[in-house]
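Notes to accompany the following structure.
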Amino acid sequence: MIGTIAAALNPSVISAYGVRMPRIIYGTAWKKHRTAALVEQAVTLGFRGIDTACQPKHYDEAAVGAGLASCFNAGLARADLYLQSKFTPADGQDPARMPYDPKASLASQVEQSLQTSLRNLRTGYLDCLVLHSPLAKERQLMDVWRAMEAIFEAGGAKQLGISNCYAREKLERLYRKARVKPAVVQNRFYVETGYDREIRGFCRQHQILYQSFWTLTANAGVLAHDTLRALAAKYERTPVQVFFRYLTQSDIFPLTGTTAEAHMRDDLAIFEFELTRSECDAVATLL
């Protein structure tokens with residue numbers, strides 16, 4: 001039964017809001033007709049964190065829910081799963097497949113999106129509700145955040161987060177103005193933003209958990225570097241496993257969207273070994 005899989009496969013941390021978040025999370029974007037089967041497989045193998053979004057353009061959230069339902073029927077407890085979804089503003093949606101009324105107020109859009117997510121995912125709450133990207137105008141951003149805060153206060157989400165936020169100043173202003181502070185930042189992890197050094201520094205100062213996506217695709221050069229190859233040979237692992245292990249030891253929570261069972265197993269196996277401080281420093285110099 002799924003419920004008997006050892007939690008050690010996917011160790012976790014406790015957020016500033018008391019939410020248990022796994023150190024590696026399965027991402028469900030662009031899985032299309034394979035979504036349900038891949039989610040069920042990932043959870044069965046040991047993943048305990050699932051990331052999705054109420055954005056039919058790139059996610060099949062209802063299929064995520066179907067995959068999870070199979071896992072719940074097989075013995076997984078909802079409390080053992082970290083389930084994270086997103087409110088995607090209208091400019092990030094497919095106009096032909098809107099999950100809410102785009103003519104409604106921003107607050108109503110957020111509430112409608114949440115209700116769609118809860119129906120899709122067959123759950124009464126989210127462990128984290130993430131704003132998929134900051135809105136262009138700060139007033140609009142705060143209107144959306146206030147609506148998310150209302151959801152948090154009503155128990156619809158245990159914590160809040162923001163994604164695709166690459167300006168430290170914008171994150172700082174949101175943090176100052178928010179009643180419910182962001183608990184999660186989820187960004188692309190790549191050289192063009194300096195690997196978010198300033199934002200990650202702000203996150204460390206304020207107990208915000210930093211999630212990375214596009215982690216492998218954007219870092220082919222790092223993965224091919226002699227440093228990672230040497231460490232992979234030493235530990236009898238792959239360069240991807242070494243990179244993911246470095247990130248998890250550096251308080252970065254990577255998303256992985258692999259569709260291969262072997263790679264899912266590899267991703268979960270990163271916790272079977274540990275890099276030394278000097279080895280982590282050597283990988284850090286590549287970033």
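The values are calculated or read from the model by the stated rules, or taken from the named source; none is laboratory data. If you're wondering where the values come from, they're calculated on a predicted model, not measured in any experiment. Here Cβ is always computed from backbone atoms with ideal geometry, including for glycine, and neighbour counts include all displayed protein chains. When the accessible area is computed, the model is the full protein with side chains, heavy atoms only, and any ligands, DNA or RNA have been set aside. Shrake-Rupley method; radii C 1.70, N 1.55, O 1.52, S 1.80 Å.
Exactly one residue out of S85, S113 is under 24 Å from T44 (Cα atoms) and in contact with a strand residue (DSSP E or B) (Cβ under 8 Å, 6 or more places away or on another chain): that is S85. Condition check for D60 on (1) of a type in the set (D, E, K, R); (2) closer than 22 Å to K158 by Cα; (3) open to solvent by 50 Å² or more (accessible area, probe 1.4 Å): one failure, at (2).
Could you tell me whether any residue of region 95-103 is at pLDDT 95 or above and open to solvent by less than 40 Å² (accessible area, probe 1.4 Å)? For region 95-103, residues at pLDDT 95 or above and open to solvent by less than 40 Å² (accessible area, probe 1.4 Å): present. Residue count for region 91-122, restricted to those that are in contact with a helix residue (DSSP H, G or I) (Cβ under 7 Å, 6 or more places away or on another chain), hydrophobic (A, V, I, L, M, F, W, C), in a helix (DSSP H, G or I) and over 24 Å from G18 (Cβ atoms): 2.
Filter region 235-260 down to residues that are part of a strand (DSSP E or B) and either farther than 24 Å from S15 by Cα or aliphatic (A, V, I, L, M) (or both) and give me whichever is most open to solvent (accessible area, probe 1.4 Å). Applying the filter and picking the extreme gives L255.
The requirement of being open to solvent by 60 Å² or more (accessible area, probe 1.4 Å), under 16 Å from P134 (Cα atoms) and of a type outside the set (A, V, I, L, M) is fulfilled somewhere in region 182-195, by at least one residue. Can you tell me which residue in region 20-37 is farthest from L216 (Cα to Cα), limited to those that are outside any strand (DSSP E or B), touching a residue at least 60 places away in the same chain (Cβ under 8 Å) and open to solvent by less than 10 Å² (accessible area, probe 1.4 Å)? Across region 20-37, the extreme among qualifying residues is T28.
Scan region 233-258 for residues that are touching a strand residue (DSSP E or B) at 6+ places or on another chain (Cβ under 9 Å) and of a type in the set (D, E) and the total you get is 1. The residues of region 248-276 that are under 19 Å from G201 (Cα atoms) and either without any contact (Cβ under 8 Å) to a residue 40 or more places away in the chain or of a type in the set (K, R) (or both), listed by number, are Q249, S250. Scanning region 115-150 for residues that are open to solvent by less than 10 Å² (accessible area, probe 1.4 Å) and either more than 20 Å from the chain's Cα centre (by Cα) or more than 14 Å from L83 (Cβ to Cβ) (or both) yields L131, L141, V144, W145, M148, E149.
Tell me, please, whether a residue that is out of contact with any helix residue (DSSP H, G or I) (no Cβ under 7 Å at 6 or more places or on another chain), buried (at least 18 other Cβ atoms within 10 Å of the Cβ) and of a type in the set (D, E) can be found in region 156-172. For region 156-172, residues out of contact with any helix residue (DSSP H, G or I) (no Cβ under 7 Å at 6 or more places or on another chain), buried (at least 18 other Cβ atoms within 10 Å of the Cβ) and of a type in the set (D, E): absent. Quick one: in region 41-54, of everything that is within 15 Å of the chain's Cα centre (by Cα) and assigned to a loop (DSSP other than H, G, I, E, B), which residue is farthest from R122 (Cα to Cα)? Across region 41-54, the extreme among qualifying residues is F47.
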